[in-house]
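Below: the structure, in structure tokens.
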Amino acid sequence: MKDLRATDLTFGAVFVCLMTVGANIAVWFPMLAIPIGGASVPISLQTFFAILAGLMLGKKLGSISMITYILVGIAGVPVFANMSAGPMALISPTGGFIFSFIFIAFFVGMIAELTKKPSIPVYTFASLIGLVFNYGIGVTYMYAAMNTWLELHVTYQAAWISMIPFLIKDTALAVLAGVFMLNLAKRIPARWTPAAKAS
């Protein structure tokens, strides 16, 4: 932590803000919500920004920025979906997706830092690995929540099927994140490339 610079903290704070914006796109554009099980689930860009945090900031700063985002929300700042806040957001059916952002940023950043030569295939692979953590944790948590404290009694398969529209969207955005990061790496200082963070 002591080797973090002011610019590191600034970039981390930027991603906290981006996660907030990504969580609440549907607040400003209500049509970006999909009805599931009688509830309206908003489409978000959080997975995209969490992946990008790992690609750009690396595993340490990327995961720290995601932890900060979660702590800010728990503290009462309305940064979660639908401008919500507080610890209750973490025990909602979608709380697992919030927790997964830490793992997304860490493992995507780790893969990016191990990369000797940045390329679209490598960045895309890292992004898709992040997506696996996102949905693996998120859907499993949602299934557990529905079948325990919510008492909705759905099957694990049904939980996954309900997420197909979001999975398709986030898969496309994961690929886009890989392409975007490669182009971004050509325009930012060398120290902001993942390889530089690993050295």
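What follows is calculated from the coordinates using simple rules that are stated; it is not laboratory data. Computed from a predicted structure; not experimentally measured. All Cβ positions, even for glycine, are placed from backbone atoms using ideal geometry, and neighbour counts span all protein chains on display.
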Q: Restricting things to alpha carbons, tell me how big segment 6-198 is in terms of Rg and Dmax, in Å.
A: 16.4, 51
Q.
Placing +1 on the Cβ of each Lys and Arg and -1 on the Cβ of each Asp and Glu in segment 6-198, which of His153, Ala85, Val21 has its Cα farthest towards the positive end of the resulting dipole?
A. Val21
Q) Can you work out ³J(HN,Hα) from phi for every residue in segment 162-172, in order, using Karplus 6.51 cos²θ - 1.76 cosθ + 1.60 and θ = phi - 60°, giving whole Hz and x for Gly and Pro? A) 5, 9, 4, x, 6, 5, 4, 4, 6, 5, 4
Q | Under Karplus coefficients 6.51, -1.76 and 1.60, residue-wise ³J(HN,Hα) of segment 80-97 in Hz, glycine/proline x | A | 7, 4, 6, 6, 9, 7, x, x, 4, 5, 7, 9, 6, x, 9, x, x, 5
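For segment 9-156, what is the relative contact order in percent, using Cα pairs closer than 8 Å and at least 6 residues apart in sequence? Each step should come with its number before you reach the end.
Working: 243 pairs, mean separation 33.7, N = 148.
Reported as a whole number, the value is 23 percent.
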(Q) Between Tyr156 and Trp28, what's the calculated FRET efficiency when r is the beta-carbon distance and R0 is 35 Å? Round to 0.05. (A) 0.55
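Arrange Phe180, Phe106 by Cβ neighbour counts within 10 Å, fewest through most, would you?
Numbers: Phe180 18, Phe106 23.
Ascending number of Cβ neighbours within 10 Å: Phe180, Phe106.
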Q. Using only helices, what value at 222 nm comes out for the chain when you add -39,500 (n - 2.57) per DSSP H run of length 4 or more and divide by the total residues, to the nearest 500 deg cm²/dmol?
A. -22500 deg cm²/dmol
Q: Estimate the FRET efficiency between Trp149 and Ile67 by the formula 1/(1 + (r/R0)^6), using the beta-carbon distance for r and 22 Å for R0, to the nearest 0.05.
A: 0.35
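Which length gain, in nm to one decimal place, applies between Val179 and Met83 when the Cα-Cα distance is subtracted from 0.36 nm times their residue separation? Walk me through the numbers on the way to the answer.
On the way: separation 96, 0.36 × 96 = 34.56 nm, distance 2.98 nm.
Length gained between Val179 and Met83: 31.6 nm.
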Q | Virtual spin-label span in nm between Ile164 and Val14, 7 Å along Cα→Cβ | A | 3.8 nm
